[in-house]
Amino acid sequence: MSSLAKTDADMVRAHNRLAVLDHLRRVGVTTRKAVSEATGLSVSAASAICGTLLRSGLLQEVEEEDDRSTRRGRPGKSLALRGGAARVAALKLAVGEITGRISDYSGAPLAEARREVDISGRSGERLVALLAELAEELIGQSADGRGHPSGGRLDKVVVAVQGKTHSDLSGIVWSPALKHWNIEIAGPLSERLSADVSVLNDCSLMPEAFRWRPDFIGLDFATLFVGFGVGMGLRISGATFQGKHSSAVEFGHINHIPHGALCRCGNRGCVEAYASDYAIWRSATGSDEIPAHRIPDDAMLQLAAAARQGDEPARAAFEAAGNAIGYGLGRVFTMIDPLPIVLTGSGARAIDLLEPAIRKGITESSVDGLGADAPLVIQEDTDALVFDAGTAYALAALDGEFARSAAEATEAA
């Protein structure tokens, strides 16, 4: 066999293995026959690939749970991803805190932790140390590593941050949570944890949380975070959008009103300067200042309650926020087709106050009101969404690596 033919055959086998792993991610438990039907592989090819993945320790056989009393012959075996094959961590840097979750190869969470810490003036070295300490704490919480081929260490780590990150996933360009620019994270953290590390903008990462959800497969959609900042992630044509120079989709810094309210980025008139927590708070309280710290969730809930009870400044502040979001979405929908929106952050808990103004803003700013009826899906738990996204991103990367290296035996393609 020529080297070119061998390369082509290897690529086909890797593609087929990845298709099998992707099927397992979507359904959890499957059979060899179901693998064949879902992937279009022949039954013999599907069985061969499943056998290779079993021998590689990526899959495990589980007993079928249907009633076998009416069946003859040897009971069949279903297949599932083997959790002990690997462990991944999703860590998050945000204003006032660092948080994290460790999950096994099946995606099951093993441990979570949260630390309140002022990260604003920390050096890159100290940020790396804080992240490493959190990861080591999580490793300690996630039992003793039994069944994990590499003992207690991690295989992949994803760090999600507020702000722009480098497109090569190496670190932070700029973050509103930090004073310093161009901070390298991936290299030194990888050295500390002996794991592959990727650094991504938290909002741009969020669509990864829906990678294997049946109701989102094949769907173009956007994730929209409305909280202490405003950010967006895009899933287009089956891929999560990443820029060539930085990872962030800077929806919050689309200009809404030229020379308008001051934004944390230093410019005036951004969507964020009207729609974020701090923007709603200062509008409702008559302040012109940008708070130095994150507005507590309880305070935003109380402000929303006041708006519902007829407090005019609070009501007007939420309406202005919805209007800014709607105008921003209208501009996005003018450039690309209207998309379903997954809304998260504190804004998701005030959707009744925001939605009318959002839809009105879209109507007034897009061509012929295009997208004013776009579906809104609410996800209130932002931390869970980021953890799910970081975990999915890490597992998808591992699947790709394992698909290329798992088999030594020849498989039918």
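Annotations for the structure displayed:
- Residue that is farthest from Val161 (Cα to Cα) [pool: residues in the range 234-258 that are among the polar types (S, T, N, Q) and open to solvent by less than 50 Å² (accessible area, probe 1.4 Å)]: Thr240
- Among the criteria (1) over 30 Å from Ala45 (Cβ atoms); (2) of a type in the set (D, E, K, R); (3) open to solvent by less than 10 Å² (accessible area, probe 1.4 Å), the one Asp337 does not fulfil is (3).
- All of (1) modelled with pLDDT under 95; (2) in a helix (DSSP H, G or I) hold for Ala392 with one exception: (1).
- Output for the range 368-390, where each listed residue is closer than 12 Å to Gly227 by Cβ, in contact (Cβ under 8 Å) with a residue 40 or more places away in the chain and in contact with a Lys or Arg (Cβ under 8 Å, 6 or more places away or on another chain): Asp383, Val386
- Residue pairs meeting the criteria (Cβ under 9 Å; at least 6 apart or on separate chains; first without any contact (Cβ under 8 Å) to a residue 60 or more places away in the chain, in the range 204-227; second aromatic (Phe, Trp, Tyr) and open to solvent by 40 Å² or more (accessible area, probe 1.4 Å)): Ser204/Phe241
- Failed criterion for Arg268 (all others in (1) touching a strand residue (DSSP E or B) at 6+ places or on another chain (Cβ under 7 Å); (2) within 30 Å of Thr240 (Cβ to Cβ) hold): (2)
- The single condition from (1) among the acidic types (Asp, Glu); (2) within 23 Å of Met206 (Cα to Cα); (3) modelled with pLDDT of 95 or more that Asp337 fails is (3).
- Looking across the range 288-343, the residues that are in contact with a Leu (Cβ under 8 Å, 6 or more places away or on another chain) and among the aromatic types (Phe, Trp, Tyr) come down to Phe318, Phe333.
- Check on Gly231, in contact (Cβ under 8 Å) with a residue 60 or more places away in the chain and within 13 Å of the chain's Cα centre (by Cα): yes
- Unique match (being buried (at least 22 other Cβ atoms within 10 Å of the Cβ) and under 18 Å from the mean Cα position of the chain (by Cα)) among Ala392, Ala397, Ala384: Ala392
- Matching residues, the range 20-38, being buried (at least 18 other Cβ atoms within 10 Å of the Cβ) and of a type in the set (Ser, Thr, Tyr): Thr30, Ser36
- If the condition is being over 22 Å from Gly330 (Cα atoms), over 13 Å from the mean Cα position of the chain (by Cα) and crowded, with 24+ Cβ neighbours inside 10 Å, then the range 206-227 contributes no residue at all.
- Considering residues of the range 347-374 that are of a type outside the set (A, V, I, L, M) and in contact with a strand residue (DSSP E or B) (Cβ under 7 Å, 6 or more places away or on another chain) only, the residue farthest from Arg211 (Cα to Cα): Glu355
The values are calculated or read from the model by the stated rules, or taken from the named source; none is laboratory data. These numbers come from a predicted model, not from an experiment. Backbone-built Cβ (ideal geometry, glycine too); neighbour counts: all protein chains shown. Heavy atoms of the whole protein, side chains included, go into the accessibility calculation; ligands, DNA and RNA do not. Shrake-Rupley method; radii C 1.70, N 1.55, O 1.52, S 1.80 Å.
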